[in-house]
Structure formats: C-alpha cells, structure tokens
Amino acid sequence: MIICGVELTGSDAVLCFLSLDRGQFSLPECKVRKLSLPKNHTREDLKQFQAVFAELMVENGVAGVAIKERMPKGKFAGGAISFKLEAAIQLISGVELDVRLLPSALIKSTLAANPLPIPFADTGLKVFQETAFVAAYVGHTAK
C-alpha cells in the first residue's frame, strides 16, 4: 500500500510517497516533489491544484494521504492558503483516497513507539521533504 505524506507550507504541498509491502518500506519513484498554488490564485487555480493532485495519486496507485496537521492559531499557525489546500485535498471526489490529518502529538508518540527504520539522510529524498516523509511513515504505522 502506498501512502502520500503531505506537508502544507505557505502555498505549497510538499509530497513524499512511501510504500509498505509485506513489512518492507520503500520509496516509489516520483518526479513530483511539490505542488504549488499561485499567491494570487483564483477559484480555477484551486480546482486545477485539486485535479493535478488527484491525478498524481491515481497515477502512482496511492491508497491514502497523511497530512501533517497545522495549528489554526498561535505561534505555529498555518496560513489561510494552506488550509485551502488541505480542504481541496480532503474534498477530492471520484478517487478512492483515505485522507487523514496527523496531529503533532500523534506523530511524536508514533515515532517514540516506532522509530524511523532508517535515518532520513539515507533516503535520498530532498531535505524539504523530511516532514512529508515522516507524515507518510506515521500514516502507515499509526492506527
């Protein structure tokens, strides 16, 4: 089963695919690491983002999406655009996707109980994908 980990930052959705097959994790190849929404976006731009995201999930056989939850207020609050991106992902229709939001507490407790099987530096992913990678891992291991 392939899960797409997502970190929403500003107007970007950073992606990382992680597969779990018979207890073995692997990183399926995907050229798309990030999807962006223009700063001055329109309704059509948002619909386009949603369509491209859905198409990418279908092309890669993704069964679930794990999104690192952002705080609605406070010092680490997410921006308005990132919440629009989250809603666009959650409201994808016509594609069978299990979309989950992962609170920080769940991520921390899951990593404490099930540490990452390899150091992130050994994955070959870009540094900016680390949070999305962790979200995908937690999406697989947290119940």
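The numbers here are math on the coordinates, done by the rules we state, and not lab data. Bear in mind the structure is a predicted one, so any value in this text is a computation, not a measurement. Ideal geometry is used to build each Cβ from the backbone, glycine not excepted, and the neighbour counts take in all protein chains shown.
Give the residue list of chymotrypsin sites (Phe, Trp or Tyr not before Pro) in segment 48-143 that are DSSP loop and have at most 11 other beta-carbon atoms within 10 angstrom.
Answer by residue number: Phe76.
Long-range amide H contacts for Val99: which residues qualify at under 5 Å (H placed 1.01 Å from N, peptide plane, sequence gap of 5 or more or a different chain)?
Here Val65 satisfy the definition.
Taking 30 Å as R0, compute the FRET efficiency from the Cβ-Cβ separation of Glu29 and Lys75 and round it to 0.05.
Calculated value: 0.25.
Taking Lys84 as the anchor, which aspartates and glutamates have their alpha carbon closer than 14 Å to its alpha carbon, excluding any fewer than eight residues away along the same chain?
Glu7, Asp12, Glu44, Asp45, Glu69
Of Lys39/Lys75; Lys68/Lys126; Lys31/Lys75, which sit over 25 Å apart, Cα to Cα?
As for pairs spanning more than 25 Å Cα to Cα, those are Lys31/Lys75.
Pull out the extension gain between Val95 and Val127, defined as 0.36 nm times the separation in residues minus the alpha carbon to alpha carbon distance; nm, one decimal.
8.6 nm
Sorting check: for 84-97, 106-119, 9-22, which peptide has the highest mean count of neighbouring beta carbons within 10 Å, and how do the rest follow?
9-22, 84-97, 106-119
R0 = 22 Å: FRET efficiency of Gln48 with Asn114, Cβ-based, nearest 0.05?
Computed FRET efficiency for Gln48 and Asn114 comes out at 0.05.
Kindly state, to the nearest 0.05, the FRET efficiency for His41 paired with Ser104, given R0 = 25 Å and r defined as their beta-carbon distance.
Calculated value: 0.35.
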